[in-house]
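The values are calculated or read from the model by the stated rules, or taken from the named source; none is laboratory data. Just so it is clear, the structure is predicted and the values come from calculations on it, not from any experiment. Positions of Cβ are generated from backbone atoms using ideal geometry, with glycine treated the same way; all protein chains shown enter the neighbour counts. Side chains are part of the model used for accessible areas, which takes the heavy atoms of the whole protein and leaves out ligands, DNA and RNA. Shrake-Rupley method; radii C 1.70, N 1.55, O 1.52, S 1.80 Å.
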Amino acid sequence: MPVNLPMPAWLAPILQAYGADLLRSAVLVLVLLLVQASIVRAIAANPQVPVDTRRRWTINMRNAMIVIGLAGFVIIWARELQTIALSMVAFAAALVVATKELLMCLGGGLVRSISNSYELGDIIEMQGMRGRVQDITMLSTTIIEIGPRHDSHQLTGKSVSFPNSLLLTHPVVRENFTGDYVMHIITIPLPYRIAPAYAERQLQEIASDVCAPWLGDARHHMAMLEHKLMMDTPSVEPRIALQPASEKEYRLIVRIAVPQRERQRAEQAILRRFMFACFPETDNNKIADAD
């Protein structure tokens, strides 16, 4: 007497949904196996053909059966494969939307690494943020703020972190690109009652005197940098430009080469000596005491 085994509960829905496709797939596999066996037997039974040729025919036939089988499976399961593909596309799109900022941060970190736009210890400025780079990760960068104004070179004691995604859309200014010696700009507004020629001559002498201790090393450093990076480097000699500002004042702009960490000291030394030279009526002793 035949015994009817109960069908597992999980198998019934699968057979109901994909029973026809499973049957077609089984028939396709069976037909391909029978065709392959018949062709292999026919090839093997022909002794007039060299063994290497028969082996090559067998391999080509087997590969052809595999290709036909894959094509048949794609045709049989086309509807299900289309559903799976649409689901995967929708999932990928949702994943990209959900992790857009994270991917942009990773992309910005990759751009920074490839372009070497800045490293630890560099002084950079971006989107109004300016400071010395303290930490770099693949997602963010932390700087120690320098300010409070753009022409200041003192650490404020504040740290600023920004996502690396900003590197994809905003330029980065690297102030110490030339390494140990940087080009520093000092702008001095003066009233027209002080003769521009006299002020320019005084500023030139003072800047040359203040920068004299390191000019030789700076000149050698720039020459080495020019040879290494094949780039034009600025002259390290103090250069002064005269620029009218209004009907009441003009500006003297001096450019000096200075060690990276000596910018603040060099600037203050030049400014103090220049002010004392151009404004002799000022009580220098009181100013010195206030310092």
Just how much of residue 217 is accessible, in Å², when a 1.4 Å probe is used and the result is rounded to the nearest 10?
100
Evaluate the charge dipole of the chain about its Cα centre and quote only its size in Debye, nearest 20, assuming +1 on the Cβ of each Lys and Arg and -1 on the Cβ of each Asp and Glu.
1580
Computed magnitude of the charge dipole of the range 194-252 (debye, nearest 20; Cβ of K, R +1, Cβ of D, E -1):
60
For residue 140, other-chain or 5+-apart residues with amide H closer than 5 Å (H placed, Pro excluded) are 164
Nearest 0.05, what FRET efficiency do residue 75 and residue 114 give at R0 = 45 Å with Cβ-Cβ as r?
0.50
At R0 = 22 Å the Cβ-Cβ FRET efficiency linking residue 34 and residue 86, nearest 0.05, sits at 0.05
Name the residues whose placed amide hydrogens come within less than 5 Å of the amide hydrogen of residue 130, ignoring near sequence neighbours (fewer than 5 apart) on the same chain.
146
Using a 1.4 angstrom probe on the protein heavy atoms only, could you order 231, 138 from most to least accessible area?
138, 231
Calculated from DSSP helices alone, with each H run of at least 4 adding -39500 (n - 2.57) and the total divided by the residues of the chain, [θ]222 nm to the nearest 500 comes to -18500 deg cm²/dmol
What accessible area per residue, rounded to a whole number of Å², is obtained for the chain using a probe radius of 1.4 Å?
66
Which of 175, 247, 205 moves most in a GNM of the chain, Cα contacts under 10 Å?
247
With percent of Cα pairs over 27 Å apart in mind, check (i) 68; (ii) 61; (iii) 40 and report the label derived from this structure.
(i)
Protein accessible area in the chain, 1.4 Å probe - carbon and sulfur %
63
Exposed trypsin sites (Lys or Arg not before Pro) absent - longest run of the chain, DSSP non-H/G/I/E/B, at most 15 other C-beta within 10 Å:
1-148
Filter the GluC sites (Glu not before Pro) in the range 88-154 down to the DSSP loop ones having no more than 16 other Cβ atoms within 10 Å, then list what survives.
119
For residue 18 and residue 140, what does the FRET efficiency come to when R0 = 41 Å and r is the distance between their Cβ atoms, rounded to the nearest 0.05?
0.25
Simple SL model, points at 7 angstrom along Cα→Cβ for residue 246 and residue 220; separation in nm is 4.7
